[in-house]
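Novice: My questions will all concern the structure given below.
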Amino acid sequence: MIIERADVIVTSPDRNFVTLRLETSDGHVGLGDATVNGRELAVVSYLRDHVVQLLIGRDASRIEDTWQFLYRSAYWRRGPITMAAIAAVDMALWDIKGKAAGLPVYQLLGGASRTGLLAYGHASGRDNEELFDSVRKHQAEGYKAIRIQAAVPGLTSIYGIASNATFEANKGARYDHEPAQRGAFPAEEDWDTRSYLRHIPTVFEAVRNEFGPEIPLLHDGHHRMTPIQAASLGKSLEPFDLFWLEDLTPAENPEALRLVRQHTTTPLAIGEIFNTVWDYQQIIREQLIDYVRGAVTHMGGISHLKKTLEYAAQYQIKSGMHGPTDISPVGMAAAMHLGLSIHNFGIQEYMKHGAATDSVFEQSFTWADGMLHPGDEPGLGVALNLDEAGRYPYEQAYLPYNRLADGTVHDW
Ligand code: KDG
Ligand code: MG
């Protein structure tokens, strides 16, 4: 099972995706997701210019050895670009191993630990009425757990709100397709943490009053708070029994979470921008979080995220893998196989891709009654339609950024 061909495919059906496609001497094809939202071409270059030639002639069955070789031989370790490139190779090799064995990847990882994966979707709105409609729409689509994001009075455009000004400027495009807005410069949004901290508890109170105590509710703070502000938010939301609060403080300062933890019992999730187990080492060891947000695509692939989650399991910390639309269907499938097999699965983020994306990536996972299942096709269960992919060339795109009222650039 020798790797004979390696191609990096960039396609932009609803948004940009970077996919590594490996082909072996015995005709197996393996796919890996290497998409880093807004910096896609950096990974393309990493793979095309520095990795592809190292893969040709290698034994595709040696997944761990290939991971260690790519990680250690580069000397320049970690970082989002390196780890997404390694992740793509790792995913593609697991895909090939599954196809060669005639088994879905989750069977190779130890088999199913549950019947399906509880998934959450994203509800949002400019006011409570619009937010409630969005929650109801998600419930009608089967979601049993829902993330709540709300506009803040006085602010015009906040990332994560489907109906904000940016959305209108995009003539109704789903916000999740265009947070990486196509164009030559990032869109500017505004922010005021004090208004936000005053407003969000009123939103959760209204949602609990409308939808009752049972439904698991989540919220993403998107790195915008200081430790003491984060502690205050966690405390003020305690009466509304959140499933988790995500990314309250900037992820690069793990010690901030000590202070947050001292003040609130609201469960904490962090790490969608983390790349390795070392980013998590302290916060897992000190039990500063409850959920690991890392995605297979950004955490060095199935092999490395599995190790990270096994470490987390020793501390009763669970998975909450990142699953926005900028994780391609290949990355989502990898997350589902891993999530089904590990013992400490918590919840899976799941935002549906658009029809164009689904036409490029033919998928065999199932979505029923609020639960995902990767399906039983050999490998990851995703096929890349090269003709369809070719119809959607790369388009430059940027995530937005934030400024405070006085013009200061802020975390977003
Ligand atoms: O690429 C960035 C987005 O995927 C991210 O901002 C979405 O925060 C996000 C989430 O929790 O899905
Ligand atoms: Mg997030």
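The values are calculated or read from the model by the stated rules, or taken from the named source; none is laboratory data. Everything numeric in this text was worked out from a predicted model, so none of it was measured. Note: ideal-geometry Cβ built from the backbone for every residue, glycine included; neighbour counts use all protein chains shown. Ligands, DNA and RNA are stripped out before the accessible areas are found, and what is left, the full protein with its side chains, is counted by its heavy atoms. Shrake-Rupley method; radii C 1.70, N 1.55, O 1.52, S 1.80 Å.
Novice: Anything over 22 Å Cα to Cα? Flag those among Lys235/Lys307; Lys99/Lys352; Lys307/Lys352; Lys97/Lys144; Lys99/Lys306, in the order listed.
Specialist: In this structure, Lys235/Lys307; Lys99/Lys352; Lys307/Lys352; Lys97/Lys144 lie more than 22 Å apart at Cα.
Novice: Still on this model: Using the basic label-point model (7 angstrom from Cα toward the beta carbon), what is the Ile56 to Glu4 distance in nanometres?
Specialist: 1.3 nm
Novice: A further question on this structure: Based on alpha-carbon centroids, what's the gap between segment 337-412 and segment 37-76 in Å, whole number please?
Specialist: Between the Cα centre of segment 337-412 and that of segment 37-76, the gap is 22 Å.
Novice: Classify segment 3-103 from the C-alpha gyration tensor, please: rounded if a/c falls under 1.5, else prolate or oblate depending on whether a/b exceeds b/c.
Specialist: Since a/c reaches 1.5 but b/c is at least a/b, the shape of segment 3-103 is classed as oblate.
Novice: Okay, next question. Quick check: pseudo-label points 7 Å beyond the Cα along Cα→Cβ at His199 and Asn385, how many nm apart are they?
Specialist: Each label point is offset 7 Å from its Cα along the Cβ direction, giving 4.0 nm.
Novice: Quick one: net charge around Asn128, please, counting Lys, Arg +1 and Asp, Glu -1 for every other residue with C-beta under 14 Å from its C-beta.
Specialist: Neighbourhood net charge equals -3.
Novice: Starting from the exponent 0.38 and prefactor 2.2 Å, build the expected Rg for segment 266-327 from its residue count and divide its actual Cα Rg by it.
Specialist: 0.99
Novice: Suppose the chain between Asp376 and Ile228 were pulled fully straight at 0.36 nm per residue; how much longer would it get relative to their current alpha carbon spacing?
Specialist: Additional length available on full extension: 48.6 nm.
Novice: In whole percent, and with a 1.4 Å probe on the protein chains, what portion of the accessible area of segment 3-103 is carbon and sulfur?
Specialist: Accessible surface attributable to carbon and sulfur in segment 3-103 totals 51 percent.
Novice: Given a 10 angstrom Cα cut-off, can you work out which residue in Val135, Val330, Val89 is the most mobile in a GNM of the chain?
Specialist: Looking only at Val135, Val330, Val89, the biggest GNM fluctuation is shown by Val135.
Novice: Tell me the net charge near Tyr291. Cut-off is 10 Å between Cβ atoms, Tyr291 excluded, with +1 for each Lys or Arg and -1 for each Asp or Glu.
Specialist: Combined, the nearby Lys, Arg, Asp and Glu give 0.
Novice: Over all directions, the average projected area of the alpha-carbon convex hull for segment 266-371 comes to how many nm²?
Specialist: Over every viewing direction, the Cα hull of segment 266-371 projects on average to 6.9 nm².
Novice: Relative to the longest principal Cα axis of the chain, at what angle does helix 193-211 sit, 0 to 90 degrees, rounded to 10?
Specialist: The angle comes out at about 90 degrees.
Novice: Sticking with this structure for a sec: With each run of n ≥ 4 DSSP H residues scored as -39500 (n - 2.57), what mean residue ellipticity at 222 nm is computed for the chain after dividing by its residue count and rounding to the nearest 500 deg cm²/dmol?
Specialist: About -10500 deg cm²/dmol.
Novice: Classify the chain: rounded, prolate or oblate, from the alpha-carbon gyration tensor (a ≥ b ≥ c, eigenvalue square roots; a/c under 1.5 rounded; otherwise prolate if a/b is larger than b/c)?
Specialist: Because a/c hits 1.5 or more and a/b exceeds b/c, the chain counts as prolate.
Novice: Where the only charges are on Cβ atoms (+1 Lys, Arg; -1 Asp, Glu), what is the dipole of the chain about its Cα centre, to the nearest 20 debye?
Specialist: 740 debye
Novice: Let me ask something additional. Skip the ligands, DNA and RNA, and give the accessible area per residue of segment 3-103 with a 1.4 Å probe, whole Å².
Specialist: 38 Å²
Novice: Moving on to the next point. Given axes a ≥ b ≥ c from the Cα gyration tensor, I'd like to know whether segment 320-412 is rounded (a/c under 1.5), prolate (a/b larger than b/c) or oblate.
Specialist: Oblate shape, in that a/c is at least 1.5 and b/c is the bigger or equal ratio.
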